[in-house]
Amino acid sequence: MGKRKQTKRPPLQHVVHPRGTRAFTPEHVSRIVAETRLSAVKSAKWIADALNDTATGYFSAFALAQAGTPSEQLRWARELRLAADLCLGMLAVEAQAERPREADHRVHSALFHWGEPTGIENVPGPASEWGYDPARDALNSIPGKLWDLRRMAEHAEERWRSAQLGPKQRRKRDPAIFYWISRLADIYERSFGKHFANLPQPEGPFARFADATRLVAMETGATTQGTDGAARARLAKFTGPRMCSFVREHRQELGKRLNDSRAIDYQPNRITLGIEPSASESDSE
């Protein structure tokens, strides 16, 4: 006998709730700056806040990249529709063109032949008005809700089918890593007053800056999506040589992103929002 098909959870959606991170402190920044062997033109507090913004953005971008594709969403909606239709057919035996109001009488006989279970929440209906038969009222309410669920799944299935992307439209680069590198390059330029080289070497100052930053980011997380562990594992593999290879491969796109960033007077979120540093942060600046 083959294995029973496992129920699938819905794919991750394109909605991320970042909780943010404060993993980077001025103390971390002092060590990171020392690794570059350069002199910073920004304060340790500014750099720490900017790196916290970047880490939050990376974990959020990674979570978004894990969201189900339209084809995955389509398959899940289809399976939900089939499951709802199967259950509906078992409870309201005749095909229903309209929303059913109650379960088939044979369902009542099969389920309640040996009595009714206790602890069923009372559902409004004719019986509940007199204070009895909550189980039968609950049963009679289910076919209508299954009918609604089937319609929801049908609607979602149609929309996800129309949203499917062709092979040429699918992104091939890693969007979270692209975000991570483009933001680090921007912060590097602002923090040290140095132009980012789009052909970095593994032993160069940017590579050392990126690697030291990566090690701190691997100790934190920034979303409630359940994907932060995988995001940390992705960073763990993104060592100096891989980072340099990624930059070389995407140097034109990174160059365009940096040109756009240079036109913006960026300030970290905590500074923009006027959030005061803690005593320990102030003392360490």
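The values are calculated or read from the model by the stated rules, or taken from the named source; none is laboratory data. What you see is a predicted model; the values in this text were computed from it and never measured. Because the Cβ atoms are built from the backbone with ideal geometry, glycine has one as well, and the counts that use them run over all protein chains shown.
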**Message:** Of everything in the stretch 71-87, what is of a type in the set (Lys, Arg) and more than 15 Å from Leu149 (Cα to Cα)? Give them in sequence order.
**Reply:** Arg75
**Message:** Can you go through Ala40, Ala23, Ala50 and tell me which one is modelled with pLDDT of 85 or more and assigned to a helix (DSSP H, G or I)?
**Reply:** Ala50
**Message:** Can you tell me how many residues within the stretch 93-105 are aliphatic (A, V, I, L, M) and modelled with pLDDT of 90 or more?
**Reply:** 1
**Item:** Verdict on Arg106 being out of contact with any Asp or Glu (no Cβ under 8 Å at 6 or more places or on another chain), in a helix (DSSP H, G or I) and loosely packed, with under 14 Cβ neighbours inside 10 Å
**Value:** yes
**Request:** Go through the stretch 224-271 and give me each residue that's aliphatic (A, V, I, L, M) and part of a loop (DSSP other than H, G, I, E, B).
**Result:** Ala263, Ile264
